[in-house]
Amino acid sequence: MLEERGIATVTIGLVRPHMEKTRGPRGLWVPFPLGRPLGEPEDAAFQTRVLHAALALLERTDGAPILEDFPEDAPSQRERAGWSPPFALPAPGEPASPAAWAAALAAELALVKPWSERARKRFGRTTVGASAQPPEAWPGYAAKFLAGELPPPPAPLTSPALALRFLADDLKAYYMEAVQADGAAPSINQINAWLFQRTVAGRLLLALRGASAASADNAFKTMGGRFLVPAQWVPKA
C-alpha cells in the first residue's frame, strides 16, 4: 500500500456508499454523473476547483479515514431556464410494428443529422462510433430485437447484446450532441427529458428495454435492464 510506504493518497469518488465501505485514508465524494469525476469536460476552472478540494485533504491532520463532500453540482446538472432544443421534431407516435419503428427512427435521424454535423463542427469531436455501424444501419438493426431476433453483431463486437448496448450509446450520443449544436448547454436532466419524452429514439430505447425484459436471452435481458435507459426515465409500472 502506498500509505504504508509513506506516500499520502486521496481518492475522488462518484459513489458515496462505496467510499464509505472501502474507507480509504482520504476521499472526496463528488455529486457528478458517472464517468465525470472532475465534473465537466472543457471546463478547466471547474475541474481545478475539484482538484484543489481533493488535494486540500492532504493537508488535514485530523486522522484517517477522511471523507468529504464536494459542495457544487457540475454545470451540466444545473437547469437552464427557458431552454428549448434548437430544432423541432414531430411528436413521436407509438409505431405498431418493428418495421414501423425502423421507419420512424430513420425519418427522425434524417432530421437530426444536420444538427449532429453542426455539433461536430462546433466541438471538434464526437463520441459516436462505438456501435461499429453507421447511423443508417441503426433503425433496421434495433428493430430486429423488437421482432424477437438476436441479429449477428458487426465486427469486431462479439454478441448481439453488446452490439445493441453500443448502438444505444451511439444513438443517445448522436441526439445529445445534436441538441447542443447551438446556444448555451442545457442540464443533463433537460436533455434526457427531451430525449425520452419527445423523440422516437428515446421511445424506441424504452421499447427495447421492454423487449429485453421479456426475452429468454439472459445477455439481452441483463443489458436491457441496465444500460438502455437511465432508471429515472423508466416509467413506473
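A few comments on the model shown:
- Whole-angstrom gap from the range 1-65 to the range 123-166, using each part's C-alpha centre: 36 Å
- Spin-label model distance (nm) - A100 vs L58, 7 Å beyond Cα toward Cβ: 6.1 nm
- Under 5 Å, built H, 5+ apart or other chain: amide partners of R80: S187
- Rg/Rh ratio calculated on Cα atoms of the range 119-219 (Kirkwood radius): 1.00
- Candidate lysines for bridging to K221, where Cα separation is under 19 Å - those fewer than 8 sequence places away on the same chain excluded: K144, K236
- Near G13, the amide H atoms lying under 5 Å from its own belong to L28, W29, V30; only residues 5 or more places off or on other chains count, and H is placed 1.01 Å from N.
- Ligands, DNA and RNA left out, the 1.4 Å accessible surface of the range 55-164 is 57% carbon and sulfur atoms.
- Over the chain, dividing the summed -39,500 (n - 2.57) contributions of all DSSP H runs of at least 4 residues by the number of residues returns a 222 nm mean residue ellipticity of -14500 deg cm²/dmol.
- Dipole moment magnitude, nearest 20 debye, the chain about Cα centre, only Lys, Arg, Asp, Glu C-beta charged: 320 debye
- Across the range 1-89, the mean sequence separation of Cα contacts (distance under 8 Å, 6 or more residues apart), normalised by length, yields a relative contact order of 30 percent.
- Applied to the range 150-158, the Karplus parametrisation 6.51 cos²θ - 1.76 cosθ + 1.60 on θ = phi - 60° returns per-residue 3J(HN,Hα) values of 10, x, x, x, x, 5, x, 5, 10 Hz, with x for Gly and Pro.
- Residue by residue, the range 60-65 carries 3J(HN,Hα) couplings of 5, 10, 8, x, 8, x Hz when phi is fed to the Karplus relation 6.51 cos²θ - 1.76 cosθ + 1.60 (θ = phi - 60°); x denotes Gly or Pro.
- A simple rule links phi to the HN-Hα coupling: the Karplus curve 6.51 cos²θ - 1.76 cosθ + 1.60 with θ = phi - 60°, which for the range 94-110 gives 10, x, 8, 8, x, 5, 5, 4, 4, 5, 5, 5, 4, 5, 5, 4, 5 Hz, with x for Gly and Pro.
- Farthest towards the positive end of the charge dipole of the range 85-237, among the residues A213, A184, G140, is the Cα of A184, using unit charges on the Cβ of Lys, Arg, Asp and Glu.
- Note that the chain carries a Kirkwood radius of 20.1 Å, evaluated over its alpha carbons pair by pair.
- Here the translational diffusion coefficient of the range 9-106 follows from Stokes-Einstein with Rh set to the Kirkwood radius across Cα pairs; for 10 °C and 1.306 mPa s it amounts to 95 µm²/s.
The values are calculated or read from the model by the stated rules, or taken from the named source; none is laboratory data. Because the structure is predicted, anything quoted here is derived from the model rather than measured. Cβ sites come from the backbone with ideal geometry, for glycine too, and all protein chains shown count toward neighbours. When the accessible area is computed, the model is the full protein with side chains, heavy atoms only, and any ligands, DNA or RNA have been set aside. Shrake-Rupley method; radii C 1.70, N 1.55, O 1.52, S 1.80 Å.
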